[in-house]
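One structure below.
The values are calculated or read from the model by the stated rules, or taken from the named source; none is laboratory data. Nothing here was measured: the structure is a model prediction, and the numbers come from that model. Quick reminder, even Gly has a Cβ in these numbers, built from the backbone with ideal geometry, and neighbours come from all protein chains shown. In case anyone asks, the SASA skips ligands and DNA or RNA and just uses the protein heavy atoms, side chains included. Shrake-Rupley method; radii C 1.70, N 1.55, O 1.52, S 1.80 Å.
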Amino acid sequence: MNFTPLKVSLDEACMSDFSRRYHFKEQDKNEIEKLYIKVEPRVHAQFHYCLLGDNGEVVEKDATNCARKALVVVTLGQAFDEFQDSFLSDTKENIHRAYILDCIGLELLSRAYSEIDEKLHELTGMYAGNYTFAGEDRLPMSEVPKLMGLLGQKAVTYNEAFVLIPKKSVLFAVPLSKEPVHKPGLCSACGNVDCAMRQEGA
């Protein structure tokens, strides 16, 4: 099954927003930048999708008139995991570096979503609505084996706890529309108002 590559990155202009969103201190700035420079060549962002009909059945990708939603898996790839895992030691400094890399991965994934919407529109002529992520009430983790079976790919797998591998991978369903959809943002659509990563104003 073919994956579609994505171009995701963090530039210097967004670093202050990144630090504020993930509650880093000013003295973390140099370490964040150094780690990002090292991990950036290891980011291999890509996504795979299938189209689903009214009853959740897979429909051919050229049969967009029958498609009601897309099922999507997106990943940053195995090399990102391997680099992050190299810091999972018992030293305080390395644990902090691993946490920084975890946040960088989350931010890169969040930046991939708008590009996925654009690619889905290019590929299907349809507009993506709000995502429902695996693990939400409407898409429980127990559904992961079924959903991954529908996708029919092997680059992203899952373990006994239904956690995706590589770790920086996400599985979600998204409704498709023939008309553009106003999307207020992922945080606005999420009910977890106490999330430490919640963006201001959401």
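What to note about this one:
- Checking the Cα-Cα distances for Lys154/Lys178; Lys25/Lys168; Lys38/Lys92 against a 26 Å cut-off, the pairs over it are Lys154/Lys178.
- Heavy atoms of His182: accessible area, 1.4 Å probe, square angstrom to 10: 150 Å²
- Accessible area per residue for the stretch 68-172 is 48 Å², calculated with a 1.4 Å probe on protein heavy atoms, without ligands, DNA or RNA.
- GluC sites (Glu not before Pro) lying in DSSP loop within the stretch 88-122, provided at most 13 other Cβ fall within 10 Å: none
- Converting the Cα gyration tensor eigenvalues of the chain into ellipsoid dimensions via √(5λ) gives semi-axes, longest first, of 31, 19, 16 Å.
- Dimensionless Rg over Rh [the stretch 1-107; C-alpha; Kirkwood]: 1.13
- Of all accessible heavy-atom area on the chain, the percent that carbon and sulfur account for (1.4 Å): 50 percent
- Residue among Gln46, Gln78, Gln153 with the largest mean-square fluctuation in a Gaussian network model of the chain, springs linking Cα atoms under 10 Å: Gln153
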